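Taking it in order: structure first as structure tokens, then the write-up.
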């Protein structure tokens, strides 16, 4: 009798994707809600590495830029306001400031063509810039501004920097999303609010869901070339520019501000500082625990848990704002968004 031996292939994390939430489990990183970006970076040498950080001249983006620079990386900061960027970064070493507006297709094209001409590999692309709480605005193509800035601009940027990412061999793309993705799934029927009433937090929510869907599909396609992708919630952070256009009544409705518009001190004490807000970005950028894992959504410098309706969230309790919604890693939606993003930007992102 001839014995037939069946060899079953073990599926490693390198071969898995996160569509089915297989990888969406905390790793026990040792960090927590109070950890800072500097603490996460401690001991990591980025000498010779090249990073691009959108929005890297204000808020948590500025903190991430400082920490990357201190670790030895050359950090390129594309900025809509180059004067402000140079002023905020004048004391930071290894910085290059370039002009770019995420809402303007041609501006992104000019930036990526200039970087590509340099011939440099790109080891870290941190898609950090974003807007929130804005009234209805549209870019020159008619696209809603939060979708245009937070997702479509970064999709185009990543696509046009793909050769440089691939050239780096082991590159990472970090898409700064938010717990705000809980506010809305992606509306494929009317993403630009042409046929239904505009609500600013719904628009923000779908743009943040788009960040996560983009991440899981990018990682699935790019991992064979050594490029991994991550999305994250930075936390509820005090001192950023995000609320600059927000109507005060929104905060009052959420229970974070009093009738005079002042934040309740008991709420303020629970918010993250900017160095704490940048910690998860840096963890996604450098943690060796993620070397063979990608497509995951992170929070508090670790992989976050799934939210299947079992978590009670409160806007005045930042510690309850965690968990990943299933619709944000849905395989069908991720692939559909990729195709829609190509159509809306006019840029074919051919990962090969």
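The values are calculated or read from the model by the stated rules, or taken from the named source; none is laboratory data. A quick note: this is a predicted structure, and the numbers were derived from the prediction, not measured. Positions of Cβ are backbone-derived with ideal geometry, glycine not excepted, and every protein chain shown enters the neighbour counts.
Output the residues belonging to the stretch 290-314 that are surrounded by 15 or more Cβ atoms within 10 Å (Cβ to Cβ) and part of a loop (DSSP other than H, G, I, E, B).
Of all residues in the stretch 290-314, those surrounded by 15 or more Cβ atoms within 10 Å (Cβ to Cβ) come to 290, 293-307.
Correct list: 293, 294, 295, 300, 301, 302, 304, 305.
Has the stretch 145-158 got any residue that is surrounded by 15 or more Cβ atoms within 10 Å (Cβ to Cβ) and farther than 18 Å from residue 192 by Cα? Reasoning before the result, please.
If we filter the stretch 145-158 for residues that are surrounded by 15 or more Cβ atoms within 10 Å (Cβ to Cβ), which is where we start, we get 145-158.
When the remaining residues are screened for being farther than 18 Å from residue 192 by Cα, the result is 157-158.
Checked the stretch 145-158: at least one residue is surrounded by 15 or more Cβ atoms within 10 Å (Cβ to Cβ) and farther than 18 Å from residue 192 by Cα.
From (1) more than 24 Å from residue 324 (Cβ to Cβ); (2) surrounded by fewer than 24 Cβ atoms within 10 Å (Cβ to Cβ), pick out the condition that doesn't hold for residue 185.
Just one mismatch for residue 185, condition (1).
Cβ contacts < 9 Å: first residue free of Cβ contacts under 8 Å to residues at least 24 places away in the same chain, restricted to the stretch 134-153; second residue part of a helix (DSSP H, G or I), any location; separation 6+ or different chain. Result?
137/145; 137/146; 137/148
Find the residue count for the stretch 179-193, including only residues that are on the phi < 0 side of the Ramachandran plot and touching a strand residue (DSSP E or B) at 6+ places or on another chain (Cβ under 9 Å).
The total comes to 7.
Return the residues of the stretch 326-339 that are buried (at least 17 other Cβ atoms within 10 Å of the Cβ) and either out of contact with any helix residue (DSSP H, G or I) (no Cβ under 6 Å at 6 or more places or on another chain) or farther than 30 Å from residue 32 by Cβ (or both); say none if nothing qualifies. Explain how you work it out, then say what you get.
Narrowing the stretch 326-339 to residues buried (at least 17 other Cβ atoms within 10 Å of the Cβ): 328-330, 333-334, 337-338.
Residues satisfying the conditions are 330, 333, 337, 338.
Can you tell me which condition residue 155 does not meet? The list is (1) closer than 17 Å to residue 207 by Cβ; (2) touching a strand residue (DSSP E or B) at 6+ places or on another chain (Cβ under 8 Å), and all the others hold.
Against the list (1) closer than 17 Å to residue 207 by Cβ; (2) touching a strand residue (DSSP E or B) at 6+ places or on another chain (Cβ under 8 Å), residue 155 comes up short only on (2).
Restricting attention to the stretch 49-69, which residues are in a loop (DSSP other than H, G, I, E, B) and surrounded by 24 or more Cβ atoms within 10 Å (Cβ to Cβ)?
The first filter runs over the stretch 49-69 and keeps only residues in a loop (DSSP other than H, G, I, E, B), leaving 49, 54-58.
Hits for the stretch 49-69 are 54, 55, 56, 57.
Is there any pair with a first residue in the stretch 7-36 that is on the phi > 0 side of the Ramachandran plot and exposed (fewer than 12 other Cβ atoms within 10 Å of the Cβ) and a second that is at pLDDT 60 or above and in a loop (DSSP other than H, G, I, E, B) whose Cβ atoms are under 8 Å apart and which are 6 or more apart or on different chains, and what are they?
28/302
Restricting attention to the stretch 123-144, which residues are crowded, with 19+ Cβ neighbours inside 10 Å and over 15 Å from the mean Cα position of the chain (by Cα)?
Our first condition is that a residue be crowded, with 19+ Cβ neighbours inside 10 Å; within the stretch 123-144, this holds for 123-132, 139, 143-144.
Selection gives 123, 139, 143, 144.
Among the numbered criteria (1) closer than 28 Å to residue 329 by Cα; (2) assigned to a helix (DSSP H, G or I); (3) at pLDDT below 90, which one does residue 284 miss?
If we test residue 284 against (1) closer than 28 Å to residue 329 by Cα; (2) assigned to a helix (DSSP H, G or I); (3) at pLDDT below 90, just (3) comes out false.
So is residue 46 more than 18 Å from the chain's Cα centre (by Cα), modelled with pLDDT of 95 or more and either under 24 Å from residue 237 (Cα atoms) or part of a loop (DSSP other than H, G, I, E, B) (or both) or not?
Values: more than 18 Å from the chain's Cα centre (by Cα): yes; modelled with pLDDT of 95 or more: yes; either under 24 Å from residue 237 (Cα atoms) or part of a loop (DSSP other than H, G, I, E, B) (or both): yes.
Yes; evaluated as a whole, the condition is true for this residue.
Sort out which residues of the stretch 70-85 are in contact with a strand residue (DSSP E or B) (Cβ under 7 Å, 6 or more places away or on another chain) and part of a loop (DSSP other than H, G, I, E, B), and write them in order of number. Working first, answer last.
Here is the first cut: in the stretch 70-85, the residues in contact with a strand residue (DSSP E or B) (Cβ under 7 Å, 6 or more places away or on another chain) are 73-79, 82, 85.
Of everything in the stretch 70-85, just one residue is in contact with a strand residue (DSSP E or B) (Cβ under 7 Å, 6 or more places away or on another chain) and part of a loop (DSSP other than H, G, I, E, B), namely 73.
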